[in-house]
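For reference, the structure is listed below as structure tokens.
The values are calculated or read from the model by the stated rules, or taken from the named source; none is laboratory data. Just so it is clear, the structure is predicted and the values come from calculations on it, not from any experiment. When we count neighbours, we look across all protein chains shown, and the Cβ atoms used for this are built from the backbone with ideal geometry, even at glycine. Calculation scope for accessible area: heavy atoms of the full protein, side chains included, ligands and nucleic acids excluded. Shrake-Rupley method; radii C 1.70, N 1.55, O 1.52, S 1.80 Å.
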Amino acid sequence: EIPLRLVGSEMCIRDRINCECKSFYKRGNDMSKLLIQGGKKLSGSFDVPAAKTAYLPILAASVLSEEKVVLHNYPGFADTENMCNILSSIGVKIERQDDCLIVDPTSLFSWSIESELASQVRSSIFMLGALLAKERKAKVAYPGGCEIGVRPIDIHLSGFRKMGVKVEEKHGYIYCDASSIHSAFLTLDFPSVGATESLMMAACLCDGETRILNAAKEPEIVDLQNFLNAMGAEVHGAGSSEIVIYGVKKLHGCEYDPIKDRIIAGTYMIATAMCGGDVLINGVKSANLQALIDKLDKTACLIDVKNDKIRVTRGDCRLGCLGKIETSVYPGLPTDLQAQLLALATISEGTSIIVENVFESRFKHVPELIKMGADVHVCDRVAVVRGCNALYGASVCGMELRGTASLVLAGLVAEGYTTVSGVKHVDRGYNKIETDLALLGADVKRIDD
């Protein structure tokens, strides 16, 4: 017989089991799959949504304000939804009006991010820098996210310690006391995007001048600087290897429109290259995708750039060999486009070499592509891809965000039907990918298992 109550708990065991079951079935994306019939060319235009990787740190930074913040073009990805849940859990009021997000941090009452929430999104770590600046203390659970390799947060913590923050790691949490936080000169061991952003936030409300050397240069760093400055911060140099922050007493509200998602834009550019057709990508700066454009120029694609519009055209001729591809920090080829380019290489002429220099476990999609007929051999961080004449539909499973996207692209060109499970991963960075692709002429449907 099941006892009525657990010792030391107010929750009945039967109630707990029912709660867990409801929670499981509530996560509909866990049960969803994408059904794809390959062979359709793509055509039309696509308006790129706001960037997940820009929106997440901006959401975290919004708690620094003494007033409401209005963010335009809210993208509604699973990751941004999870970040909103984190903000709500510490008292921040979130309101949606059309495509705008109104963030009111004036009722902030907690400086603790619990494990259940932090495990849902890697970018929960951004809350550490923001809370240290605003509350002078923080307790944040270790972040979750895609399992694509070791992503230590030691660069974040080392920077905080140099700023006078007492940091203690225990029981799965990071405890920080910033009562003596001060400005500092910081040199990052690696140009980490997350660490650069966290330290920018932490320094905004510190007296004096903070310099971050060997800073990341990604466009999202520039966007965070622009947002912080719109609230009254004094941050300079983003986009270069040295960022200077002059601390101010407080920040005020603002309206802001985050930049567009260069990774989504790049994904659909690669999809057009693979499927053939004519697609106009609207809203993204071509300079932010120059490394990808250079690679696609080597194939049979025509790339036409004008202002914030990129047109990708490909006829019936086979794609040329991609040669050697190496991921790198910006302005190099983004690691977040590696999986999609590998999918493209599987149907291109000749042999392509793909070197993953950022994360050591970013080839988890390769065994699934091999099920579809791809010829790929992986050794450590190098993948050798011999282009084949065709891919074939199969049941495949995504294990992380960009790898799952690559399986969707492979399904678009495969003969017959492809079923992609693990859709919850792709939902983290693409809002209804099946709808976007269907509007461009692909045959993609979301189905429940």
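Mind listing just one residue for me: the one in the stretch 212-244 that is more than 27 Å from Thr335 (Cβ to Cβ) and out of contact with any helix residue (DSSP H, G or I) (no Cβ under 9 Å at 6 or more places or on another chain) and, of those, most open to solvent (accessible area, probe 1.4 Å)? So that I can check it myself, show each step before the final result.
Just the residues of the stretch 212-244 that are more than 27 Å from Thr335 (Cβ to Cβ), to begin with: 229-234, 236, 244.
Among the residues that remain, those that are also out of contact with any helix residue (DSSP H, G or I) (no Cβ under 9 Å at 6 or more places or on another chain) are: 229-230, 232, 244.
Working: Asn229: 54, Ala230: 37, Gly232: 29, Val244: 16 Å².
For the stretch 212-244, the residue satisfying everything is Asn229.
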Among the residues of the stretch 44-63 satisfying the criterion of being aliphatic (A, V, I, L, M) and out of contact with any Pro (no Cβ under 8 Å at 6 or more places or on another chain), which is surrounded by the most Cβ atoms within 10 Å (Cβ to Cβ)?
Ala61
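Considering each of Val63, Val69, Val48 in turn, give the residue that is closer than 17 Å to Gly266 by Cα, modelled with pLDDT of 95 or more and not polar (S, T, N, Q).
Val48
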With the condition kept exactly as written, say whether any residue in the stretch 246-258 is more than 22 Å from Asp99 (Cα to Cα) and crowded, with 23+ Cβ neighbours inside 10 Å.
yes
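Every residue, every condition in (1) among the aliphatic types (A, V, I, L, M); (2) within 19 Å of the chain's Cα centre (by Cα); (3) at positive phi, yes or no:
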{"site": "Ile281", "(1), (2), (3)": "yes, no, no"}
{"site": "Leu292", "(1), (2), (3)": "yes, yes, no"}
{"site": "Ala300", "(1), (2), (3)": "yes, no, no"}
{"site": "Thr313", "(1), (2), (3)": "no, no, no"}
{"site": "Cys321", "(1), (2), (3)": "no, no, no"}
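Among the residues of the stretch 93-112, is any part of a helix (DSSP H, G or I), modelled with pLDDT under 90 and either under 26 Å from Glu360 (Cβ atoms) or open to solvent by 10 Å² or more (accessible area, probe 1.4 Å) (or both)? So that I can check it myself, show each step before the final result.
Of all residues in the stretch 93-112, those part of a helix (DSSP H, G or I) come to 105-107.
With modelled with pLDDT under 90 added as a condition, the list becomes none.
Scanning the stretch 93-112, I find no residue that is part of a helix (DSSP H, G or I), modelled with pLDDT under 90 and either under 26 Å from Glu360 (Cβ atoms) or open to solvent by 10 Å² or more (accessible area, probe 1.4 Å) (or both), so the answer is no.
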Looking at the stretch 172-189, which of its residues are surrounded by 15 or more Cβ atoms within 10 Å (Cβ to Cβ) and either out of contact with any helix residue (DSSP H, G or I) (no Cβ under 8 Å at 6 or more places or on another chain) or part of a loop (DSSP other than H, G, I, E, B) (or both)?
Tyr175, Asp177, Ala178, Ile181, His182, Ser183, Ala184, Leu188
Yes or no: the stretch 325-343 includes at least one residue that is acidic (Asp, Glu) and surrounded by fewer than 18 Cβ atoms within 10 Å (Cβ to Cβ).
yes
Given the conditions (1) of a type outside the set (S, T, N, Q); (2) closer than 27 Å to Ala203 by Cβ; (3) touching a strand residue (DSSP E or B) at 6+ places or on another chain (Cβ under 6 Å), and given that Leu42 satisfies all but one, which numbered condition is not satisfied?
(2)
Quick one: which strands (runs of 3 or more DSSP E) sit completely within the stretch 360-449 and have at least 2 residues that are under 18 Å from Thr346 (Cβ atoms) and open to solvent by less than 10 Å² (accessible area, probe 1.4 Å)?
382-386, 417-421
